[in-house]
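**Q** Encoded as structure tokens, here's the structure I'll be asking about.
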Amino acid sequence: MSQVVTDAKLFACTQSMSLAQDIAKHYGIPLGNVITSTYSDGEFQPSFEESVRGARVFIIGSTNPSSDHLMEMLLMLDAAKRASARHITAVMPYFGWARQDRKDKPRVPIAAKLIAKMLETAGATRIITMDLHADQIQGFFEKPVDHLFASTVFLPYLRNLALDNLTIASPDMGGSKRAYAYSKALESDVVICYKQRAKANLISHMELIGDVTGKNVVLVDDMVDTAGTLTKAADVMIERGAKSVRAICTHPVLSGNAYERINNSKLEELIVTDSIPLTEKSDKIKVVSCAHLFADVMKAVHENKSISSKFLM
């Protein structure tokens, strides 16, 4: 006896509306209707304006701070659960608080684990996300996690650039695994930056492991926050004889004076996805959409098909 597969329903959190619309377009169905009411003190309440009973629901929203973005996701998950949705998937292109994935000193929280428990408690039965800051965050969940790689959209872009003497670089030791994966896919050399921090978001010293003389360098990272590391790395590489320096970063957090640093830096361009909407325009920032990647994976999940072909590395 064949299993009946009902239509999926897609809903968007407010801060990811543009990306969600693109995902829905690639998926081939319209976004569902959600109305968010806001009280004068800032409290808000999302409301599904259509039935989700027995349906597979995808709720699309990145949870970058402020905490309102996370709270909105939690409230929508809870609303879907209480409305008797059969499957509830939290589609989180950017998983916020992922940098707090361990205790790096006494008496601090492991926020990524806390967020995972909150999402499951709110009603998520599956998580779809992209380029987690640390792969082991998948293990914080008791529900299935589809951890996608932005390399699916970045690698075709890099190949189209057809750069000679290409070298992939990691802006820090923690990203060396990602850099080696890109270098293997592109059959290029790899170099690593070693940085020391005076405190969070402040680099005191940076050294380069490898030779970049005459090379077209592409820095690879999972996110760019204040852009201090990227711009410092670009400076170091140009000083060491690099021909050009570009950067690809999945999540454009871009806080503080990040835009100013990028515009004034020696970076040729910064290529990012639309996992987080940009707050300013910059001639140096190129956005490559990840909408088709999420749409394809969501459709495969709904139809109980394999998604292994979407993992390029």
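**Q** Compute the label zone of Ile35 within segment 44-69: residues whose backbone N is under 14 Å from the point 7 Å along Cα-to-Cβ.
**A** 45-51
**Q** Please give the per residue accessible area of the chain, computed with a probe of 1.4 Å over protein heavy atoms only, in Å². Intermediate results must be reported in sequence, preceding the final value.
**A** On the way: 14990 Å² over 313 residues.
Per residue, the chain has an accessible area of 48 Å².
**Q** Still on this structure, I have one more. Please tell me the relative contact order of segment 30-111 in percent, rounded to the nearest whole number, where contacts are Cα pairs under 8 Å and at least six residues apart. Write out the running numbers ahead of the final one.
**A** Working: 120 pairs, mean separation 22.4, N = 82.
Relative CO of segment 30-111 lands at 27 percent.
**Q** Right, another one. What number comes out for the charge environment of Val212, summing +1 per Lys or Arg and -1 per Asp or Glu over other residues with Cβ under 11 Å away?
**A** On the way: positive: Lys215, Arg240, Lys243; negative: Asp189, Asp211, Glu239.
Residues near Val212 contribute 0 overall.
**Q** Hey, another quick one. Counting alpha carbon pairs within less than 8 Å and at least 6 residues apart, what relative contact order, in whole percent, applies to segment 202-257? Before the final figure, lay out each step's value.
**A** Numbers: 82 pairs, mean separation 26.1, N = 56.
Once normalised by length, the contact order is 47 percent.
**Q** Count charges around Ser84 for me, please; just the other residues with Cβ under 15 Å from its Cβ, Lys/Arg as +1, Asp/Glu as -1. Please report the intermediate quantities before stating the final value.
**A** Details: positive: Lys9, Arg53, Arg56, Lys81, Arg82, Arg86; negative: Glu50, Asp78.
It works out to a net charge of +4.
**Q** Which residue, chosen from Leu219, Ile137, Leu230, occupies the Cα position most advanced towards the positive end of the dipole of the chain, where the dipole is computed from +1 (Lys, Arg) and -1 (Asp, Glu) charges on Cβ about the Cα centre?
**A** Ile137
**Q** Charges at C-beta only: +1 for Lys and Arg, -1 for Asp and Glu. How large is the resulting dipole of the chain about its Cα centre, in Debye rounded to 20? It would help to have the intermediate numbers written out before the result.
**A** Working: 36 positive and 35 negative charges, 129 e Å.
The calculated dipole for the chain is roughly 620 debye.
**Q** What does the convex hull of the alpha-carbon atoms of segment 112-221 project to on average, in nm²?
**A** Working: hull surface 34.2 nm².
Projected area, direction-averaged: 8.6 nm².
**Q** Under the Kirkwood approximation for Rh and a Cα-based Rg, what ratio Rg/Rh is obtained for the chain?
**A** For the chain, the value is 0.99.
**Q** Test of the criteria: in segment 1-102, which GluC sites (Glu not before Pro) are in a DSSP loop and have at most 13 other Cβ atoms within 10 angstrom of their Cβ?
**A** Working: sites: Glu43, Glu49, Glu50, Glu72; in loops: Glu43, Glu49, Glu50.
Passing both the DSSP loop test and the Cβ count: Glu43, Glu49, Glu50.
**Q** In square nanometres, what is one fourth of the surface area of the convex hull spanned by the alpha carbons of segment 173-313? Can you show the working numbers first?
**A** Details: hull surface 37.6 nm².
Mean shadow area of the hull around the Cα atoms is 9.4 nm².
**Q** A follow-up question, please. Would you mind calculating the relative contact order of the chain from Cα pairs under 8 angstrom and at least 6 residues apart, reporting the percent as a whole number?
**A** Details: 646 pairs, mean separation 43.6, N = 313.
Reported relative contact order: 14 percent.
**Q** Measure off, as a whole percent, the carbon and sulfur share of the 1.4 Å-probe accessible area of segment 74-160, all protein chains present. Mind showing how you got there, number by number?
**A** Working: 1980 of 3940 Å².
After summing per-atom areas, the C and S share lands at 50 percent.
**Q** Then there is this: Using 0.36 nm times the number of residues separating Lys103 and Ala300, minus their current alpha carbon distance, what extension gain do you get? List each step's numbers first, then the result.
**A** Values: separation 197, 0.36 × 197 = 70.92 nm, distance 3.62 nm.
Between Lys103 and Ala300, full extension yields 67.3 nm more.
**Q** Using helices alone, I'd like the mean residue ellipticity at 222 nm for the chain: each DSSP H run of four-plus residues gives -39500 (n - 2.57), total over residue count, nearest 500. Don't jump to the answer; show the numbers that get you there.
**A** Working: 8 runs with 91 residues, N = 313.
About -9000 deg cm²/dmol.
**Q** Of Ile29, Ile276, Ala169, whose Cα points farthest to the positive end of the dipole of the chain (charges on the beta-carbon: +1 Lys, Arg; -1 Asp, Glu; origin at the Cα centre)?
**A** Working it through, the farthest residue towards the positive pole turns out to be Ala169.
**Q** I've got another one for you. For segment 1-88, build the charge dipole from Cβ charges (+1 Lys, Arg; -1 Asp, Glu) around the Cα centre, then report which of Gly61, Ala8, Tyr39 sits farthest towards its positive end.
**A** Going by the charge dipole, the pick is Ala8.
**Q** If we count chymotrypsin sites (Phe, Trp or Tyr not before Pro) as exposed when they sit in a DSSP loop and have at most 14 other beta carbons within 10 Å, what is the longest stretch of the chain that avoids them all? It would help to have the intermediate numbers written out before the result.
**A** Details: sites that count: Tyr39, Phe311.
With chymotrypsin sites (Phe, Trp or Tyr not before Pro) excluded where exposed in loops, the chain gives 40-310 as its longest stretch.
**Q** If we count every other residue with Cβ under 11 angstrom of Asp164's Cβ, Lys/Arg +1 and Asp/Glu -1, where does the sum land? Write down the numbers at each step before the final one.
**A** Numbers: positive: Lys215, Lys243; negative: none.
Residues near Asp164 contribute +2 overall.
**Q** Still on this structure, please answer the following. Please give the length that would be gained between Asp78 and Asp135 if that part of the chain were fully extended, namely 0.36 nm times their separation in residues minus their C-alpha to C-alpha distance (nm, one decimal). Spell out each step's value before the answer.
**A** Details: separation 57, 0.36 × 57 = 20.52 nm, distance 2.64 nm.
Value of the extension gain: 17.9 nm.
**Q** If the elastic network links every pair of Cα atoms under 10 Å, which of Lys103, Lys117, Lys232 fluctuates the most in the Gaussian network model of the chain?
**A** Among Lys103, Lys117, Lys232, the largest mean-square fluctuation in the Gaussian network model of the chain belongs to Lys103.
**Q** How much of the DSSP bridge set in the chain is antiparallel, in percent, rounded to the nearest 5? Working shown, then result.
**A** Working: 12 of 53 bridges.
Just about 25 percent of them are antiparallel.
The values are calculated or read from the model by the stated rules, or taken from the named source; none is laboratory data. None of these values were measured; they are calculated from a predicted model. Every residue, glycine as well, gets a Cβ built from its backbone with ideal geometry; the counts of neighbours run over all protein chains shown. These accessible areas exclude ligands, DNA and RNA; they are computed on the full protein's heavy atoms, side chains included. Shrake-Rupley method; radii C 1.70, N 1.55, O 1.52, S 1.80 Å.
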